[in-house]
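Enquirer: Would you mind keeping the following structure in view while I ask a few things?
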Ligand SMILES: [Zn+2]
């Protein structure tokens, strides 16, 4: 968790606290000026409260009981006046967004769930702002466009695209449902229009719903940004190296400079070493072409650290549009 994600989330709680305080004081002032009797009753109850505490402390049980009775009577009168005038007792009590930590973010020195939730939410907002992932869900993935006739692959083997893609679909769904930041990386290979981005982003949606930090970038936009940020000192890569799941879409579509290549190497290598999963998609299905484009160091790490999924079929986008 970076300092920004934490202090950003904490300032949300601080704002909530100030808002609730402002609401509380405004309401209280309104009630006291409209109903002076309520103001006097509150003062009396407060004073009696102090007397009650003292009596308890000095073990004057009888006195304590008497004081308690007086307090209850006054409190009932106050509640009655409040209700008759359209208020409630809660209007005179400070309200909190989170009762557990009273909007302080901490319970007994531990980070409260409400603060944790804010940190996750904020983190996801930051990540998606860096590069919004196309919205995709498993439910919207349709297998009907994949042929049911066997097709020969470049390596000479035959598969039925429909059956094969059904397996890949199930694999991805399972991958997402059982996701942990220790999952293996995936390399999705196949021609354009076979649903790689759709399945990769469906995995992203499921993981984000579970509260994991997911970062998505299309290769082209990422390496454009990397070049732009090169001299500005902006830390684009920090989030990519640290998030729970990183998706690099359409590898091969970008123009690579030596600098971009070194950044890609850093991403692939660091995430491999730290055991954090990535999903790479690419239209380059030939290993020699991958090596020619990215060099031996990157290609061997990509192939070595990922489970490979070969997408087969006809261009689904063309089929969909021809209907
Ligand atoms: Zn809380």
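The values are calculated or read from the model by the stated rules, or taken from the named source; none is laboratory data. The shown structure was predicted, so the numbers you read here are calculated from the model rather than taken from an experiment. So basically every Cβ, Gly included, is an ideal-geometry build from the backbone, and we count neighbours across all protein chains shown.
Enquirer: Please work out which one of (1) in a loop (DSSP other than H, G, I, E, B); (2) without any contact (Cβ under 8 Å) to a residue 40 or more places away in the chain is the condition residue 227 fails and give its number.
Expert: All conditions pass for residue 227, except number (1).
Enquirer: Which residue pairs have Cβ atoms closer than 7 Å, lie 6 or more positions apart in sequence or on different chains, and pair a first residue in segment 80-109 that is outside the structural domain of residue 38 (by TED's automatic domain parsing) and touching a residue at least 12 places away in the same chain (Cβ under 8 Å) with a second residue that is surrounded by fewer than 16 Cβ atoms within 10 Å (Cβ to Cβ) and not in a loop (DSSP other than H, G, I, E, B)?
Expert: Pairs that qualify, where the first residue is outside the structural domain of residue 38 (by TED's automatic domain parsing) and touching a residue at least 12 places away in the same chain (Cβ under 8 Å) and the partner is surrounded by fewer than 16 Cβ atoms within 10 Å (Cβ to Cβ) and not in a loop (DSSP other than H, G, I, E, B): there are none.
Enquirer: Would you be able to tell me the number of residues in segment 122-143 that are surrounded by fewer than 16 Cβ atoms within 10 Å (Cβ to Cβ), in a helix (DSSP H, G or I) and at pLDDT 75 or above?
Expert: Total meeting the criteria: 2.
Enquirer: Can you name the residue in segment 83-109 that is exposed (fewer than 11 other Cβ atoms within 10 Å of the Cβ) and farther than 17 Å from residue 24 by Cα and is also farthest from the ligand (Cβ to nearest atom) among such residues?
Expert: Looking at residues that are exposed (fewer than 11 other Cβ atoms within 10 Å of the Cβ) and farther than 17 Å from residue 24 by Cα, I get 84.
Enquirer: Name the single residue that is surrounded by the most Cβ atoms within 10 Å (Cβ to Cβ) among those in segment 66-75 being in contact with a helix residue (DSSP H, G or I) (Cβ under 9 Å, 6 or more places away or on another chain) and farther than 22 Å from residue 88 by Cβ.
Expert: 67
Enquirer: Scanning for something over 30 Å from residue 217 (Cβ atoms), near the ligand (Cβ under 9 Å from one of its atoms), touching a helix residue (DSSP H, G or I) at 6+ places or on another chain (Cβ under 9 Å) and in contact (Cβ under 8 Å) with a residue 60 or more places away in the chain, does segment 111-124 turn up at least one residue?
Expert: For segment 111-124, residues over 30 Å from residue 217 (Cβ atoms), near the ligand (Cβ under 9 Å from one of its atoms), touching a helix residue (DSSP H, G or I) at 6+ places or on another chain (Cβ under 9 Å) and in contact (Cβ under 8 Å) with a residue 60 or more places away in the chain: present.
Enquirer: Tell me, which residue of segment 163-185 that is in a helix (DSSP H, G or I) and without any contact (Cβ under 8 Å) to a residue 24 or more places away in the chain is farthest from residue 277 (Cα to Cα)?
Expert: Here the residue is 163.
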